[in-house]
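Below is one structure; the comments refer to it alone.
The values are calculated or read from the model by the stated rules, or taken from the named source; none is laboratory data. Everything numeric here is computed off the predicted structure, so don't read it as measured data. Here the Cβ positions follow ideal geometry from the backbone for every residue, glycine too, while neighbour counts run over all protein chains shown. Ligands, DNA and RNA are excluded from the accessible area calculation, which covers all protein heavy atoms including side chains. Shrake-Rupley method; radii C 1.70, N 1.55, O 1.52, S 1.80 Å.
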Amino acid sequence: MNDATQNRRRAIDVVNASLKKRYAREARFRRIGLGAVVLGLVFVSVLFFDIVSKGYTAFVQTHIELEVFFDPAVIDPEGKRDMQEIARADFRKLVREPLRALFPEVKKRNEKRALDGMLSGGAPYQLLDMVRSDPSLIGQRRTIDLIADDDIDMLVKGHIDRNAPPSDRRVNDQVIGWVDTLTEQGRVKRKFNSGFFVNGDSREPELAGIGGAVAGSFYTLLVTLVLSFPIGVAAAVYLEEFAPKNRWTDLIEVNINNLAAVPSIVFGLLGLAMFINLFGLPRSAPLVGGLVLTLMTLPTIIIAARAALKSVPPSIREAALGVGASKMQTVFHHVVPLAMPGMLTGTIIGMAQALGETAPLLMIGMVAFIVDVPGGPLDPSTVLPVQVYLWADSPERAFVERTSAAIIVLLAFLIAMNTFAVIMRRRFERRW
Amino acid sequence: MTTAESAASEAELPVPKAGVSIGSRPLDDDFKTVGNVRVNDARMSCTDVNVFYGEKHAIKHVDLDIGKNQVIAMIGPSGCGKSTFLRCLNRMNDTIDVCRVSGAIALDGQDIYDKKLDVVPLRAQVGMVFQKPNPFPKSIYDNIAYGPRIHGLAASRVELDEIVERSLTKAGLWDEVKDRLDQPGTGLSGGQQQRLCIARTIAVEPEVILMDEPCSALDPIATAKVEELIDELRENYTIAIVTHSMQQAARVSQRTAYFHLGHLVEVGETTEIFTNPRHKLTEDYITGRFG
Ligand SMILES: Nc1ncnc2c1ncn2[C@@H]1O[C@H](COP(=O)(O)OP(=O)(O)OP(=O)(O)O)[C@@H](O)[C@H]1O
Ligand SMILES: [Mg+2]
């Protein structure tokens, strides 16, 4: 007995001998994991920094403060206060005059035109809108911040290099001189760019906004959510709880998994052929976009919902069946409520995917240049990512910052949705 | 490796290893149960019941009656099929895809495996307490009230409150939880959860109650309470209880059935079985020689 214990090495010695190696391996693994996380974070922060640094300036817009005379002779020569007449009046003259008055030395035609061009093409409409909401302005003088042209905006924001040869920049020395004079007079102001959030698209960068695209995305996602959540959950509940387990359900399962991997542009082609050409639904409409994105997100939602249903322990089902609940009662009183957080998480992730989707929407014409903010799911519109795509293609320097700003807004929506998904999961997670 | 497989490979060894008891050898397929499987006033009656989990033959040719207003205890080594057999009695095995049941099981003369039979009233009549406590992740109150609610047993909220209180009192849990009925049932201790499940089962007043090791997670005091409850319920109900405790079987049951690797080896009056077992396997088991 004594011999045996002495000859045999004590187990604890073996354990001790191997400890160092084990801990080293563990430390190595932890370092690799940490490295991966840090690398990922570095990439993400570089991306975010790049986008934010390019885009944040788009949230302010340069304005020029001018004293405008709402000249009745120009706005409403006949004094009838008829809005349709007024809308046709030459408001350009009203914005032109105070600026020319500041620089009386400007006489040559092309110089005058350059001076006029310092204000945005949208400035006259600013005045028109003011008169519309308050006709008593006619005949009065007001100090108004008028939107500057995008080139002036870029100059003020420092995106145009003053030292570059004149042929390489979009503003000449004379204009720079004017801007400097105006700046000295304190007339150049940078104001929060609320137009960026409410306006539709425009050829003029200083007037272009994401309002139309946000509304389009909203209607598109609304259609997607209203269709894909109930259909996805119902399909998952049927497949998981009620469908007989046979070759047909296996086939359906395989196909759903396959659909999740189909390139999204294929869904766009399908939507074009089915919804637009066959059913005659309008082009560029959020309704069609929503239908297409429903097709695309359904597999995601069904797979997530089935996983959530599967994770409900069978003992809960047995408990319900054991007291005499029917299959249906078991499923809807116990299983589905317990699976709901998982289903909602899957749905929100699907929605976030749909929000960022571009390719299939190009196929159904949501890439058109649309100025009006859509008022419903049947109006032609575009969506945020497509707006980003359109602006990224535009040559004007001012669209670069707007592209980045639109991306920031898109990312903010995505982060908000995903955070919401995480909170939901935490909130409703139950233990058993 | 399942119990049966390991038993089979051990049985093939030419020389039995020391310490391997005769008890782990499977019985012949045409083995006849020792003792009288029938009773005069049977509530449930099983004839030639076989259960397969896929290829695995888990219950082999079992004939057994469950007498009215009686407690029948089912004992046997782990994995011998006690739970499986019990789950046949209210068709709980339907929920397992791979499980197939053959033979006839009748409740008051009505075949419960009849294609036309509705399992909902069957399970309301034949209630079950599961081996592992499985409260709903809802409040204690809702756990008990769920069954009466779906069956419409309570006409009013007051009546429902009464049912909840009565069931919890019978299960010996009322005093512990009466102040926190709105807290989740899953927040109770293991033993409390098991008593909650017992209360949930008796809340729908089933006529036959199947209990799968209801006291395995309970302390002696709670166990005594449950045994008292079983004794009390016996006056009106029929009870089948699976237990690993010989003492419990001896205390609460009138009849005892001993299972072994899917076979029903011996069945008889509890006092008979414990004082004078007729089959060698039964004797080995109850005297603690294996199991
Ligand atoms: N769902 C299942 N699928 C496959 N085999 C199963 C399943 N449930 C039980 N079995 C097998 O059936 C046999 C009987 O199991 P059962 O649960 O009835 O045993 P038991 O007598 O209740 O054991 P214990 O006393 O440990 O609870 C075991 O060999 C087990 O492996
Ligand atoms: Mg068991």
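Of all the listed residues (A:L207, A:L127, A:L146), the sole one being part of a helix (DSSP H, G or I) and crowded, with 19+ Cβ neighbours inside 10 Å is A:L127. Considering only residues that are away from ligand 1 (no atom under 14 Å from the Cβ), of a type in the set (A, V, I, L, M, F, W, C) and within 20 Å of the chain's Cα centre (by Cα), which ones fall in region B:253-291? Matches in region B:253-291: B:V267, B:I273, B:F274, B:I286. Taking region B:156-208 as the region of interest, the helices (runs of 4 or more DSSP H) fully inside it that hold 3 or more residues being open to solvent by 30 Å² or more (accessible area, probe 1.4 Å) and more than 14 Å from chain A (Cβ to nearest Cβ) are B:157-170, B:174-177. Does region B:34-46 include one or more residues that are more than 14 Å from chain A (Cβ to nearest Cβ), within 16 Å of ligand 2 (Cβ to nearest atom) and of a type outside the set (F, W, Y)? The answer is no; no qualifying residue exists. So, in region A:320-344, exactly how many residues are out of contact with any His (no Cβ under 8 Å at 6 or more places or on another chain) and open to solvent by less than 10 Å² (accessible area, probe 1.4 Å)? Selection size over region A:320-344: 8. Every condition in (1) open to solvent by 20 Å² or more (accessible area, probe 1.4 Å); (2) under 23 Å from A:A398 (Cα atoms); (3) among the hydrophobic types (A, V, I, L, M, F, W, C) holds for A:F196 except the one numbered (1).
Put simply, of B:G127, B:G81, B:G109, B:G103 the only residue that is closer than 17 Å to B:G262 by Cα and away from ligand 1 (no atom under 14 Å from the Cβ) is B:G103.
Report yes if A:M424 is out of contact with any Ser or Thr (no Cβ under 9 Å at 6 or more places or on another chain), open to solvent by less than 60 Å² (accessible area, probe 1.4 Å) and either among the aliphatic types (A, V, I, L, M) or outside the structural domain of A:M296 (by TED's automatic domain parsing) (or both), otherwise no.
Details: out of contact with any Ser or Thr (no Cβ under 9 Å at 6 or more places or on another chain): no; open to solvent by less than 60 Å² (accessible area, probe 1.4 Å): yes; either among the aliphatic types (A, V, I, L, M) or outside the structural domain of A:M296 (by TED's automatic domain parsing) (or both): yes.
It is false that A:M424 is out of contact with any Ser or Thr (no Cβ under 9 Å at 6 or more places or on another chain), open to solvent by less than 60 Å² (accessible area, probe 1.4 Å) and either among the aliphatic types (A, V, I, L, M) or outside the structural domain of A:M296 (by TED's automatic domain parsing) (or both).
Residue-level check: of (1) modelled with pLDDT under 85; (2) open to solvent by 30 Å² or more (accessible area, probe 1.4 Å), A:A164 misses just (2).
Based on this model, can you work out whether B:K132 counts as within 13 Å of ligand 1 (Cβ to nearest atom), surrounded by fewer than 20 Cβ atoms within 10 Å (Cβ to Cβ) and either more than 9 Å from every other protein chain (Cβ to nearest Cβ) or assigned to a loop (DSSP other than H, G, I, E, B) (or both)? When the stated conditions are applied, B:K132 passes them. The set of residues in region B:209-218 that are touching a residue at least 60 places away in the same chain (Cβ under 8 Å) and either open to solvent by 70 Å² or more (accessible area, probe 1.4 Å) or of a type outside the set (D, E, K, R) (or both) comprises B:I209, B:L210, B:M211, B:P214, B:S216, B:A217. Take the conditions closer than 19 Å to B:F259 by Cα, more than 16 Å from ligand 1 (Cβ to nearest atom), without any contact (Cβ under 8 Å) to a residue 60 or more places away in the chain and small (G, A, S) and apply them to B:A154. Does it pass? So B:A154 does not fit the description; no. Against the list (1) hydroxyl-bearing (S, T, Y); (2) open to solvent by less than 40 Å² (accessible area, probe 1.4 Å); (3) at the interface with another protein chain (Cβ under 9 Å from one of its Cβ atoms), the condition A:T297 fails is (3). Just one of the listed residues (A:G55, A:G79, A:G33, A:G40) is touching a Pro at 6+ places or on another chain (Cβ under 8 Å) and either within 30 Å of A:I408 (Cα to Cα) or assigned to a loop (DSSP other than H, G, I, E, B) (or both), namely A:G79.
The residues of region B:219-233 that are of a type in the set (D, E, K, R) and either touching a Pro at 6+ places or on another chain (Cβ under 6 Å) or open to solvent by 50 Å² or more (accessible area, probe 1.4 Å) (or both), listed by number, are B:D219, B:K225, B:E228, B:D231, B:E232. When region A:57-74 is filtered for residues that are under 35 Å from the mean Cα position of the chain (by Cα) and open to solvent by 10 Å² or more (accessible area, probe 1.4 Å), the ones remaining, listed by number, are A:T57, A:F59, A:V60, A:H63, A:E65.
Yes/no per residue for (1) in contact with a strand residue (DSSP E or B) (Cβ under 6 Å, 6 or more places away or on another chain); (2) more than 16 Å from ligand 2 (Cβ to nearest atom); (3) of a type in the set (G, A, S); (4) at pLDDT below 90:
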site: B:L86; (1), (2), (3), (4): yes, no, no, no
site: B:D94; (1), (2), (3), (4): no, yes, no, yes
site: B:A104; (1), (2), (3), (4): yes, yes, yes, no
site: B:I112; (1), (2), (3), (4): yes, yes, no, no
site: B:K115; (1), (2), (3), (4): no, yes, no, yes
site: B:F130; (1), (2), (3), (4): yes, no, no, no
site: B:R149; (1), (2), (3), (4): no, yes, no, no
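Taking the condition part of a loop (DSSP other than H, G, I, E, B), within 8 Å of chain A (Cβ to nearest Cβ), open to solvent by 10 Å² or more (accessible area, probe 1.4 Å) and in contact with a Gly (Cβ under 8 Å, 6 or more places away or on another chain), does B:P137 pass? Yes, satisfied. Scanning region B:84-100 for residues that are assigned to a loop (DSSP other than H, G, I, E, B), more than 8 Å from chain A (Cβ to nearest Cβ) and away from ligand 1 (no atom under 11 Å from the Cβ) returns B:L89, B:R91.
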